[in-house]
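Asks: Pasting a structure here, questions to come.
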Amino acid sequence: MHEHSFIEAIISPIENKENVIGVLLEVGELAGIEAEHLKEHLIEKSGWDVEVKPVESFVECGCGFEGRAEIRERLHDIVIFECPECSSIPEVLQGDKIKIVKIFYK
C-alpha cells in the first residue's frame, strides 16, 4: 500500500487532528500518486472531507523546451516522464509536489 506513506505525510504534521473536518490539497501530476487515488484513500483513513486540485507539470529542458512533461509510465509510486521534444529528462519546475493548501476545522 504505497499510498500509506503519502497519507501519513499529510496527516502527521497536522495539529488538532480531532478537530479537522476537511483539507484542500494540490497534487502534482508527477507526485507519484494520482490525485483521485490519494483523495479516496485519505477520506478512507481520516474521515475528512477532502478536496484535491490537480496541478499540471511544468518542466524546462536543455533543448529549450518549456511546458508540460510527457508522462511515459506510472509505476507503484514513481512517474516516468520526459521532454516531449527531445525525450531527455527535463528539470521539474512545477507539478511534482503534494501541498496542503488549507485545513478546515470544526
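Asks: Compute the long axis of helix 35-46 from its Cα atoms, compare it with the longest principal axis of the Cα atoms of the chain, and write down the angle in degrees, 0 to 90, nearest 10.
Replies: The angle comes out near 20 degrees.
Asks: Could you tell me what percent of the DSSP beta bridges with both partners in segment 3-105 are antiparallel, to the nearest 5?
Replies: Antiparallel bridges: around 70 percent, rounded to the nearest 5.
Asks: Helix-only mean residue ellipticity at 222 nm, the chain, DSSP H runs n ≥ 4 weighted -39,500 (n - 2.57), per residue, nearest 500. What is it?
Replies: -6000 deg cm²/dmol
Asks: Using a Gaussian network model on the chain with a 10 Å cutoff between Cα atoms, which of LYS39, LYS53, LYS17 fluctuates the most?
Replies: Sorting by GNM fluctuation, first place goes to LYS17.
Asks: Right, next: So how long is each side of the chain along the principal axes, counting just the alpha-carbon atoms, biggest first, in Å?
Replies: Sorted from largest, the Cα extents of the chain read 50, 25, 18 Å.
Asks: Quick one: Cα centre-to-centre distance for segment 52-85 and segment 1-33, in angstrom?
Replies: So the two Cα centres are separated by 22 Å.
Asks: While we're on this one: Relative contact order, percent, of the chain when contacts are C-alpha pairs under 8 Å separated by at least 6 residues?
Replies: 35 percent
Asks: Moving to a separate point now. Gain in length, GLU26 to GLU82, computed as 0.36 nm per residue apart minus the alpha-carbon separation, to one decimal in nm?
Replies: 18.0 nm
Asks: So how far apart, in nm, are the two label points at GLN94 and GLU36 if each is 7 Å from Cα heading toward Cβ?
Replies: 2.3 nm
Read-outs: derived from the displayed coordinates by stated rules, not from any lab. Since the structure is predicted, the reported quantities are computational estimates derived from the model, not experimental observations. Backbone-built Cβ (ideal geometry, glycine too); neighbour counts: all protein chains shown.
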